[in-house]
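Input: a single structure, listed below in structure tokens.
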Amino acid sequence: MPSLIAVFLSWLGFVPLTHILTFAQGEGLVDGLPQFGVGVFGGWTAATLFTLALSSCLFWRWRFGGCKKLT
């Protein structure tokens, strides 16, 4: 389950958010997403938000007993 959470957050959260924050208008590979053009700072912001979201999801799973069902 932790692997599925990580893959889900990576592809549906981290990758699009990095694209949105990093590239300026007309520079990215996907035209359908808004592009703010923050540059490297945008990429690091997306990485930080991804780490916080992943750790929050894993902590929530651990805290409310998702891992206890395995034993």
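Quick note: the coordinates plus some simple rules give every number you see, no bench work behind them. Values in this document were obtained by computation on a predicted structure and should not be read as measured data.
Based on alpha-carbon atoms only, what is the radius of gyration of the stretch 2-66 relative to the globular estimate 2.2 N^0.38 Å? Each step should come with its number before you reach the end.
Working: Rg = 13.8 Å, N = 65, 2.2 N^0.38 = 10.7 Å.
Taking the Cα Rg and dividing by 2.2 N^0.38 Å, one obtains 1.28.
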For the chain: relative contact order, % (alpha-carbon pairs under 8 angstrom, 6 or more apart): 31
Note, ³J(HN,Hα) from phi for the stretch 46-54, Karplus 6.51, -1.76, 1.60, rounded to Hz, x at Gly and Pro: 5, 5, 5, 5, 5, 5, 5, 5, 5
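Based solely on its DSSP helices, what 222 nm [θ] is calculated for the chain when runs of n ≥ 4 H residues each add -39,500 (n - 2.57) and the sum is averaged over all residues, nearest 500 deg cm²/dmol?
Calculated from helices alone, the mean residue ellipticity at 222 nm is -18000 deg cm²/dmol.
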